[in-house]
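Working notes for the structure below.
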Amino acid sequence: MDVAEILTATPGSASTSATPPASLVSPALATAEPEVMAPTYPMPRLELVSGRGARVVDASGRTYLDFVSGIAVNAFGHAPPGLARVVAQQMRTLGHCSNLFANRPAIELARLLTEATGYARVFFCNSGTEAIEAALKFARAARGGREGRDVLAFRGGFHGRTAWALATTWNPHYREPFEPLVPGVRFADFNDVDALDQVLDAGVSTVIVEPVQGEGGAIPARPEFLRALRARATALGATLIFDEIQCGMGRSGRLLAGEHYGVDPDITVLSKALGAGFPLAAVLMTEEVAKSLAPGMHGCTFGGSPAATTAGLWALTQVRRPAFLARVRRRARRLEAGLATLQAKHPSLAESRGLGLLRAVEVAASASFGPPELVAAAREEGLLLVRGGERAVRLLPPLNVTEADLDEALAALDRALGALEAKAADGGAA
């Protein structure tokens, strides 16, 4: 059965027989959480207790199809076979040794990353935002003799929530409570080649961009845009950074999303899927960038620990296989086609977009509901999704997702959209 048949199947057919029953607010919501946790997230939240593959189970025992994947971290789903074994084996010998000493798993992972990507050197830390901070520091060190030291970032971009990373993140809601931020950051419109001449000049030493804006709503860069960035950065002697925290590690269907564009930045930042669930990030850099660094200029106590880099070795070994990436591209085409079918069917959707298995649908401004209502309705249909940008909802399945799981997710999203549209047609009645 193809995607169109899945979405037009009549109730009671094989495609809908597994439809989860409608439920009220789940008793799995962790009501004790607000008493002890800092209020940095909306609470109470759905409490997940276990998972396997593309499915998770909440505290009440209900199963969901997980197309959040830990926000693109769980590239192999939950409890992937083999990961626990290799990490447990490493923990029985050496789990952590700090950055005062070398360890074999970190060296092996760095070597594998350089072989797979063509970069010369690697720096390990714990998270994407830490890696962005490091990348910005390394870029400034590489161009330290220049008068101009501004950073150019882009509207809609997200690079993290720590000091310099937040300064390069566009969302005013994230920025305003903590201003003044690190100075010297300019913003330009994403995908606007003509506007680059107005903002990219000799005063800029660093350019940072996501090849696919993830938190911004799965918006891919246009090839001509990234190529223009590379050409202008080279002409100015500026360092070009690709933030591939969300779109890298195979999610685009290539190991690095930059491969789709034929553009080689000076620095690429990886995290999320790199650690397969363990806190791990990597800053990949050219030899020119690396030669500007010296002992004491930067460091990370936990970065590159034996346990985390063992997980990274396991993950990278899986992802870089040509057959694995080819399967990601096939699954991505199926998801792309299914979302296009949904967009054509539902007037509440304005657009479907993305690259690889980083996809989103945008809720039309004319719709009677917004992304939060769509996320909630999908959850009632047994599908977990995550917002992206102002009007979009992202789909981030595991990279090894099956065709059956994709079809089930599309059918659940179809039902969720239908229910919301029917409710609007009835005047909002419950």
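The values are calculated or read from the model by the stated rules, or taken from the named source; none is laboratory data. Since the model is a prediction, treat every value here as computed from it, not as a measurement. Note: ideal-geometry Cβ built from the backbone for every residue, glycine included; neighbour counts use all protein chains shown.
Just a few scattered comments:
- Options G258, G262: the member that is small (G, A, S), out of contact with any strand residue (DSSP E or B) (no Cβ under 6 Å at 6 or more places or on another chain) and within 25 Å of G356 (Cβ to Cβ): G262
So that you can scan it fast, the table gives a plain yes or no per residue for (1) out of contact with any helix residue (DSSP H, G or I) (no Cβ under 6 Å at 6 or more places or on another chain); (2) outside the structural domain of A281 (by TED's automatic domain parsing); (3) modelled with pLDDT under 95:
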{"site": "V36", "(1), (2), (3)": "yes, yes, yes"}
{"site": "G51", "(1), (2), (3)": "yes, yes, no"}
{"site": "A59", "(1), (2), (3)": "yes, yes, yes"}
{"site": "N103", "(1), (2), (3)": "no, no, no"}
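- When each of V151, V193 is tested for being aliphatic (A, V, I, L, M), modelled with pLDDT of 95 or more and surrounded by fewer than 18 Cβ atoms within 10 Å (Cβ to Cβ), the lone residue that passes is V193.
- Q343, sole failed condition from (1) touching a residue at least 60 places away in the same chain (Cβ under 8 Å); (2) surrounded by fewer than 20 Cβ atoms within 10 Å (Cβ to Cβ): (1)
- Residues within the range 248-278 that are among the polar types (S, T, N, Q), assigned to a loop (DSSP other than H, G, I, E, B) and under 24 Å from E288 (Cα atoms), tallied: 1
- Residue ID - surrounded by the fewest Cβ atoms within 10 Å (Cβ to Cβ), chosen from residues in the range 279-301 that are among the β-branched types (V, I, T) and assigned to a loop (DSSP other than H, G, I, E, B): T301
- Taken together, the residues in the range 284-318 that are of a type in the set (V, I, T) and under 12 Å from A139 (Cα atoms) amount to 2.
- Filter result (farther than 17 Å from H159 by Cα and outside any helix (DSSP H, G or I)) within the range 214-244: R222, G237, A238
- When every residue of the range 184-196 is checked against the conditions, at least one turns out to be touching an Asp or Glu at 6+ places or on another chain (Cβ under 8 Å), in a strand (DSSP E or B) and of a type in the set (A, V, I, L, M, F, W, C).
- Which listed residue is aliphatic (A, V, I, L, M) and surrounded by fewer than 23 Cβ atoms within 10 Å (Cβ to Cβ), from A378, A364: A364
- Taking residues in the range 92-110 that are farther than 15 Å from A311 by Cβ, and partners anywhere that are outside any helix (DSSP H, G or I), the pairs with Cβ atoms closer than 7 Å and at least 6 places apart or on different chains are C97/N103; S98/T301; N99/G299; N99/C300; N99/T301; N99/G303.
- Some residue of the range 103-124 being farther than 19 Å from G299 by Cα, touching a strand residue (DSSP E or B) at 6+ places or on another chain (Cβ under 6 Å) and in a strand (DSSP E or B): no
- Criterion: more than 18 Å from the chain's Cα centre (by Cα), farther than 20 Å from V207 by Cβ and modelled with pLDDT of 95 or more - qualifying residue of A308, A290: A308
- The residues listed here are A332, A337; of these, the one that is within 20 Å of the chain's Cα centre (by Cα), among the hydrophobic types (A, V, I, L, M, F, W, C) and assigned to a helix (DSSP H, G or I) is A332.
- Verdict on R394 being touching a residue at least 40 places away in the same chain (Cβ under 8 Å), closer than 21 Å to A344 by Cα, outside any loop (DSSP other than H, G, I, E, B) and among the basic types (K, R): yes
- Here the range 59-83 is the region considered, the condition is being assigned to a loop (DSSP other than H, G, I, E, B) and of a type outside the set (A, V, I, L, M, F, W, C), and the residue that is farthest from L316 (Cα to Cα) is S60.
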